[in-house]
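Notes to accompany the following structure.
The values are calculated or read from the model by the stated rules, or taken from the named source; none is laboratory data. Just so you know, these numbers come straight off a predicted model, no measurement behind them. Cβ placement follows ideal geometry from the backbone for every residue including glycine, while neighbour counts extend to all protein chains displayed. Heads up: the accessible areas ignore ligands, DNA and RNA and are worked out on the full protein's heavy atoms, side chains in. Shrake-Rupley method; radii C 1.70, N 1.55, O 1.52, S 1.80 Å.
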Amino acid sequence: MTVRQFFKSAAFRSFAVLLAIVIIAGGLLAICNDLFYVSAEEKFARTLMKIYGKAETVEETIELTEENKKQPNAVVNYAYRMGDGNLLVQATGKGGFNGGTVTLWVVVLSDHGAFGGVGKVVYETNTKQTYLSKFSDSFYDHFSAYNDRLKAGETFSVAEESGSVRVVNTGASLSSTAMCNAVNGAISFCKTVVFGEEAARETYLYESFINLGQSVITPESGKVSYRLVMKANGNAPSFTAVIVVENGAIASYSTEGAISTGGYDANVDDSFKNGSFFLGKRAADVEAMLDEDRALRGDALSSNGLKTGATESSASFVRAAAFATANYELFLNGEGGLHE
Amino acid sequence: MNKYAKIATDGMIANNATFKLVLGTCATLGLSSSAFSGLGMGLSVTVVLLLSNVVISLLRKIIPGTVRIPAFIVVIATMVTLLRMFLEKFLPSLSESMGVFLPLIVVNCIILGRAEAFASKRPVLESALDGVATGLGFTFAITLMGIIRELLGSGSFFGVKLWEFSVGFFSNNAGAFFVYGICIALFVFINDRFEKLRRAKRSRALRVPSDALDAEKEGA
């Protein structure tokens, strides 16, 4: 085939036509991309319109630092003081389905410079949450219906617990958990960073996962015996972990009560159920399985040759062990206030 | 019936893409949970059908047959991207409610089907009419399903709450299949009845009246 024949061939014509269509289409899209560009300011104005139903002014952008943006099981992304004196916080709650997150806008009310409750919650986005369609707009109104209890220090939870307001969408409890964490995170941020309240301090490491009021901790010579009533964690119900720590290492570990709901029991490793995995483990060994947010590391189970598929229950097992070993010295020396 | 009327009725009723040809099922099932999102999707598909049919019809003598499908896809994808940009700029709530189904219009087989079967062979005006008619047929179908599912699944009509009674089944995927099946059955049934009536009317009109025959015999 000569060069002239090639340029007259059907193959060249097809290529040229297709290329011409692609170039024209690309040019058109490039022009329209500029014409229809939505700026960050426009996006934010739309968000404000969605939240307030009218144009609202931002008085001040609250500066976020690496320290203050991290809240328990949540991260604060943006925070503003609005023209009406209240605060608008965008927070991402962790602990959703499949380790995903839910991001919400939370209007935190200011009552003469003190925390005044939640004004409104508006959904923004999510990762890995497949049941978000189960949440109607009216679901988010629950978060602003308990301001008296929130002012008294209660937080949101999907489980029926003392000291918390239960907000859950049955059938999407993990997404509900992430939402509760987002709202709790926004409230905690405003209380500590904006309203200047002192952050709740932990007396014991990992105490936020334990129902301390119902737990029994008995120090003896060289060992501490624990009956820890775990807080519910998604599909992991509130079960009791009976642990004995001797010389800083776990000497026995067993559980009482159902360890999982939703049929995930079979996915909890047998060595967790009979406690053999934890025998001889020290605080450092157990804490290495948790990340900086005290969630179970992604490879914590698989790297130890354990079954996966019941992350919430497995996390509760590990947190109980972490509490028992990390606070061992404290209880042994009689510095704790929970022992009999 | 002139050819334009035939194209219009074919696209909207006789060859309704959703209820008769069962095309574009993914979007139909995914976005018929509410009347508003159904209507939005239907109108979006109509716009893309109109634009892509016009462009493809204009280019039908230029595009070689061997590369026609990739060329159609590029044209359709361009139109869908333009629509997406337009909606994000001017109708963000509609764009948000359509979610992933908006860019997925690119692979909606109704659009590629009409491009291949009609626009690539017919003049611009007819192709444009076919695009609008097919799009409106799709809009009618998906909006009807949206109205039924929204009424039964959440007790509202275009977002306006009418009653508290609702059956969750109609809001989920199984409910979408159920309503789709019922709508197809009803559509085919009604269409068949009309077709039978039309044929009976036509055959009566073609039959020679008996008194005219008698008069002919007497004359002989």
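Before moving on, here are some points about what is shown:
- Extreme residue, positive dipole direction of the range B:73-174, given options B:Phe165, B:Asn108, B:Ser154 (C-beta unit charges): B:Asn108
- Of the DSSP H helices in chain A, those whose Cα atoms cover at least 27 Å axially and whose Kyte score averages 0.0 or more: A:10-35
- Principal axis box of the range A:42-194, alpha-carbon based, largest edge first, Å: 39, 36, 31
- Positive-pole candidate from B:Val22, B:Leu82, A:Met1, dipole of the protein assembly as shown, charges at beta carbon: A:Met1
- Part-to-part distance (alpha-carbon centres) for the range B:1-68 and the range B:142-183, which is given in Å: 24 Å
- Toward the positive end of the charge dipole of the protein assembly as shown, with +1 on the Cβ of Lys and Arg and -1 on the Cβ of Asp and Glu, the farthest Cα among A:Ser173, B:Ser97, A:Gly248 is that of B:Ser97.
- Over the protein assembly as shown, accessible surface divided per residue gives 51 Å², non-protein components excluded, 1.4 Å probe.
- Look at the alpha carbon pairs under 8 Å that are at least 6 residues apart: their mean separation over the length of chain A gives a relative contact order of 11 percent.
- Building the convex hull from the alpha-carbon atoms of the range A:37-121 and averaging its projection over directions returns 6.9 nm².
- The phi torsions of the range A:73-85, fed into the Karplus equation with coefficients 6.51, -1.76 and 1.60 and a -60° offset, translate into couplings of 6, 7, 10, 8, 9, 9, 8, 9, 9, 8, x, 7, x Hz, rounded to whole numbers, with Gly and Pro shown as x.
- Between the range A:89-106 and the range A:196-245, the Cα center-to-center distance that results, in Å: 25 Å
- Ellipsoid equivalent to the range A:207-332 - semi-axes via the Cα gyration tensor, in Å: 22, 16, 13
- Net charge dipole, the protein assembly as shown: roughly 3660 debye, given to the nearest 20, about the Cα centre with Cβ charges of +1 for Lys and Arg and -1 for Asp and Glu.
- Mean-position separation - Cα centroids, the range A:1-56 and the range A:256-302, in angstrom: 51 Å
- Within the range B:96-218, all pairs of alpha-carbon atoms sorted by distance into 10 Å bins from zero give the percentages 10, 22, 27, 19, 10, 6, 4, 1.
- By the Kirkwood approach, averaging reciprocal distances over each pair of separate Cα atoms, the range A:109-171 gets a hydrodynamic radius of 13.1 Å.
- Unit Cα scatterers, Debye sum, the range A:76-157: log10 I(q)/I(0) for q = 0.12, 0.15, 0.26 Å⁻¹: -0.38, -0.58, -1.35
- Distance-filtered residues of the range B:50-69 - backbone nitrogen under 17 Å, label point 7 angstrom along B:Leu125 Cα→Cβ: B:54-55, B:57-58
- Counted residue by residue at 0.36 nm each, then reduced by the alpha carbon distance between them, the extension gain from A:Val38 to A:Thr203 reaches 54.5 nm.
- Average partner coverage of B:80-91, which counts Cβ from other chains inside 10 Å: 3
- Mean per-residue shielding of peptide A:14-21 is 5, counting Cβ atoms of other chains within 10 Å of each Cβ.
- Extension gain (nm, one decimal) between A:Ala55 and A:Ser276, 0.36 nm per residue minus Cα-Cα: 73.5 nm
- Per-peptide average of other Cβ atoms within 10 Å, ordering A:160-171, B:75-86, A:215-226 highest first: B:75-86, A:215-226, A:160-171
- Pair B:Trp163, B:Phe194: separation of 7 Å Cα→Cβ label points (nm): 2.9 nm
- Charge dipole (debye, nearest 20) of chain B; +1 at Cβ of Lys and Arg, -1 at Cβ of Asp and Glu: 500 debye
- Taking the square roots of five times each eigenvalue of the Cα gyration tensor of the range A:128-258, the equivalent ellipsoid has semi-axes of 32, 20, 12 Å, listed largest first.
- Values of log10 I(q)/I(0), in the order q = 0.08, 0.11, 0.14, 0.15 Å⁻¹, for chain A under a Debye, Cα-only, solvent-free model: -0.50, -0.79, -1.12, -1.23
- Convex hull of the range A:175-240 built on C-alpha atoms - directionally averaged projected area, nm²: 6.0 nm²
- Multiplying the residue separation of A:Ala114 and A:Tyr131 by 0.36 nm and subtracting their alpha-carbon distance yields 2.6 nm.
- The value of relative contact order for the range A:216-337, using C-alpha pairs under 8 Å at least six residues apart, is 27 percent.
- Each Lys and Arg Cβ is given +1 and each Asp and Glu Cβ -1; about its Cα centre, the range A:207-332 then shows a dipole of about 180 debye.
- Point-to-point label distance, A:Arg166-A:Thr2, nm (Cα→Cβ direction, 7 Å offset): 8.9 nm
- Residue-level accessible surface for B:Cys26, protein heavy atoms, 1.4 Å, Å²: 90 Å²
- Calculated FRET efficiency for the pair B:Ala205/B:Asn172, C-beta based, R₀ 45 Å, to 0.05: 0.35
- Rough spin-label spacing in nm, given labels placed 7 Å along Cα→Cβ, for A:Asp265 and B:Ala14: 6.4 nm
- Loss of accessible area when B meets A, both sides summed, Å² nearest 100, probe 1.4 Å: 1500 Å²
- Proportion of all alpha-carbon pairs of the range B:3-219 beyond 22 Å (%): 57 percent
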